[in-house]
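A.B. asks: The following block contains the structure, expressed as structure tokens.
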Amino acid sequence: MKNLKEYQEKRNFNKTKEPTGKERKSSKKLRFVVQHHLARKDHYDLRLEWKGTLKSWAVPKGPSYQTKDKRLAIRVEDHPLEYRNFEGTIPKGEYGGGTVMIFDEGYWTYEEEKDINFDKVLKFTLHGTRLRGKWTLISTKDNLWLFIKEQDNFVNYAKLSDYSTSIRTGRTMKEIAEHKKVIMQSKKNYIVDSILISNPDKKIALHPLVTKYDIALYYSKVFERMFPYLDQRITSFIRLPDGVNGNFFYQKHLETKEKGIGKKMLVNTHEEKEDYYYIKDKIGLISEVQMNSYEFHIWGSQIHHINHPNYLVFDLDPDENMALKQVREGVKDLKSILDELHLVSFLKTSGGKGYHVVVPIQSLKSWTSFRNFAKQIAKIMEKKWPDRYISNMRLQKRKNKIFIDWIRNTKGATSVAPYSIRLKKKLAVSMPISWHELDKVKPDGITMQEAIKRLKRKDPWEHFFEIEQ
Ligand code: MN
């Protein structure tokens, strides 16, 4: 038993966290450790450093400070030096499966070379905290040894039962075992809707702290309300793989096919065939979060009628530093125009600076008429209130005016989906709200927590899919 071969052969290091171990040079001072090991049988393991490994004995009853007690010590395979740091659990069914606690540690010394014969006898002194003084280990036959306290000032120094905690961490055996359970439990909790969320603690926002796991839970909770707007709609994904300090990726196409993600081949603006993707179910949405997509933008049409849009969006995008009151006036003006046309419209926060006014509409049968209609509305507003609105995107003309963004009502363009979070500092939600809330709710005023609370209320967009116009 001069090397660690036996030690390594007995263990599956894919399953146990015990050290794999290398033989090392011994330090000048020789270390010892006694580990309380609750496996199939409760016992204490005495390990003495020698020539780069730990010579080891399992002592069923543990050491005794009484000289009359001759404790059985079963010589076991040499352990690696790092094993003296091992405290924790060994999985059930594995070799030595159970709980290991560092009972005591320190140095050991001997007086003469002849006192040290690892085949026959060892006379040594322990310099630990709980274990001190002179001891003898003596071989009887095969692997069976006796561990005996020798006469000195430490006789009757203590009883084993005086100590129930780890000398290193202060934990009891029970606490060490429970720690393992807590870890297993938290791992279990990192599964959201049967998707294992890797790197669940990845920071996505800092003030307040929001993690990847928080976002997965958020989408799981809002899924039922959100999904009707994602259903059958080509979706773009905003990815943030490195968390809050990393770069954004705006992604129309995914690299890999995943469960819950649908694919549709379309001809893009360059007349090329291209695959587009959409979320098919809850697994699809949570898998997207797992792949670091946190923000979702949707098309105005659904895949079975790709050239027949039915979801019209006006994005009221205010000039920087514009008073919120003025932005809200803009939304009201837009609604008054839509009301005059007898069009039912719905309001949501953008999660950024403005509001979105959404109109479910089926009567415009092509992208061209759909887009022209949206443009007309913006033009009407510009004409009626030229000091307040512009329908032209060019920035230099925007001073203190609201740009009525109608351009997103174009084939291939997208707008942020209801209930999607926005990857901005505040991580606000693009949240459906009722019209009477316009003056109360800020465009970036709905956090994920607030959104979840609101799920208990009546859905302000309850009749969205019933409107025919
Ligand atoms: Mn053991």
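A.B. asks: Among the aspartates and glutamates, which fall within straight-line cross-link reach of residue 159, defined as a Cα-Cα distance under 14 Å, with same-chain neighbours fewer than 8 residues apart omitted?
C.D. replies: Qualifying aspartates and glutamates at Cα under 14 Å: 69, 104.
A.B. asks: Is segment 286-379 best put as rounded, prolate or oblate by its Cα gyration tensor, with a ≥ b ≥ c the root eigenvalues, rounded for a/c under 1.5, and otherwise prolate when a/b is larger than b/c, oblate when not?
C.D. replies: It comes out oblate by the Cα gyration axes.
A.B. asks: Using only alpha carbon positions, build the gyration tensor of the chain, then give the equivalent ellipsoid semi-axes as the square roots of 5 times its eigenvalues, largest first, whole angstrom.
C.D. replies: The equivalent ellipsoid of the chain has semi-axes of 73, 22, 18 Å.
A.B. asks: If each residue of separation counts as 0.36 nm, what is the full-extension length gain between residue 263 and residue 383 once their alpha-carbon separation is subtracted?
C.D. replies: 39.0 nm is the gain from fully extending residue 263 to residue 383.
A.B. asks: Let me ask another. Using r as the Cβ-Cβ distance of residue 172 and residue 274, and R0 as 41 Å, what FRET efficiency do you calculate, to the nearest 0.05?
C.D. replies: 0.10
A.B. asks: Pull out the extension gain between residue 13 and residue 41, defined as 0.36 nm times the separation in residues minus the alpha carbon to alpha carbon distance; nm, one decimal.
C.D. replies: Gain on stretching residue 13 to residue 41: 7.9 nm.
A.B. asks: Arranged by the count of other C-beta atoms within 10 angstrom, fewest first, what order do 314, 13 take?
C.D. replies: 13, 314
A.B. asks: Under a crude label model (7 Å from the Cα following the beta-carbon direction), how far is residue 323 from residue 363 in nanometres?
C.D. replies: 3.7 nm
A.B. asks: Now for a different question. Within 10 Å of each residue's Cβ, count the other Cβ atoms and sort 438, 240 from fewest upward.
C.D. replies: 438, 240
A.B. asks: Against the longest alpha carbon principal axis of the chain, how many degrees, from 0 to 90 and to the nearest 10, is the axis of helix 367-384 turned?
C.D. replies: 70 degrees
A.B. asks: A further question follows. Just need the Rg to Rh number for segment 395-437, please, alpha carbons only, Kirkwood Rh.
C.D. replies: Radius of gyration relative to Kirkwood radius: 1.04.
A.B. asks: Determine, from the Cβ-Cβ distance of residue 157 and residue 110 and an R0 of 25 Å, the FRET efficiency 1/(1 + (r/R0)^6), rounded to the nearest 0.05. Working shown, then result.
C.D. replies: Details: r = 20 Å, r/R0 = 0.79.
For residue 157 and residue 110, the calculated efficiency is 0.80.
A.B. asks: Round to a whole angstrom and tell me the spacing of the C-alpha centers of segment 390-458 and segment 1-52.
C.D. replies: Between the Cα centre of segment 390-458 and that of segment 1-52, the gap is 61 Å.
A.B. asks: Next question, about the same structure. So how do 57, 461 line up by other beta-carbon neighbours within 10 Å, fewest first?
C.D. replies: 461, 57
A.B. asks: What does the convex hull of the Cα atoms come to per residue for segment 311-466, in Å³?
C.D. replies: Once divided by residue count, the hull of segment 311-466 is 117 Å³.
A.B. asks: Say each of residue 181 and residue 332 gets a label point 7 Å from the Cα, pointing the same way as Cα to Cβ; how far apart are those two points in nm?
C.D. replies: According to this spin-label approximation, the distance is 6.0 nm.
A.B. asks: Report the semi-axes of the equivalent ellipsoid for segment 6-45 in whole Å, largest first, where each axis is √(5λ) for an eigenvalue λ of the Cα gyration tensor.
C.D. replies: Its equivalent ellipsoid spans semi-axes of 22, 18, 8 Å.
A.B. asks: Return the aspartates and glutamates within reach of residue 375: Cα separation strictly under 13 angstrom, same-chain partners fewer than 8 residues apart disregarded; answer none if there are no such residues.
C.D. replies: Straight-line reach from residue 375, under 13 Å: 315, 405.
A.B. asks: Summing +1 for each Lys or Arg and -1 for each Asp or Glu, what net charge is found among the other residues whose Cβ lies under 11 Å from the Cβ of residue 33?
C.D. replies: It works out to a net charge of -2.
A.B. asks: Evaluate the distance, in nm, between pseudo-label points positioned 7 Å from the Cα of residue 144 and of residue 435 along their respective Cα→Cβ axes.
C.D. replies: 9.3 nm
A.B. asks: Still on this model: Output ³J(HN,Hα) for segment 414-421: one whole-Hz value per residue in order, computed from phi by the Karplus curve 6.51 cos²θ - 1.76 cosθ + 1.60 with θ = phi - 60°, and x for Gly and Pro.
C.D. replies: With the stated coefficients, segment 414-421 comes to 9, 9, 5, 6, x, 6, 6, 7 Hz.
A.B. asks: What is the calculated FRET efficiency for residue 244 to residue 465, with r their C-beta to C-beta distance and R₀ = 30 Å, to the nearest 0.05?
C.D. replies: E(calc), rounded to 0.05, equals 0.25.
A.B. asks: Could you name the lysines in cross-link range of residue 453, using Cα to Cα under 23 Å and dropping any fewer than eight places away on the same chain?
C.D. replies: Cross-link targets: 203, 212, 221, 282, 348, 353, 424, 425, 426, 440, 442.
Values quoted throughout were computed directly from the atomic coordinates according to the rules given, and no laboratory measurement underlies them. No experiment lies behind these values; they were computed from the predicted model shown. Backbone-built Cβ (ideal geometry, glycine too); neighbour counts: all protein chains shown.
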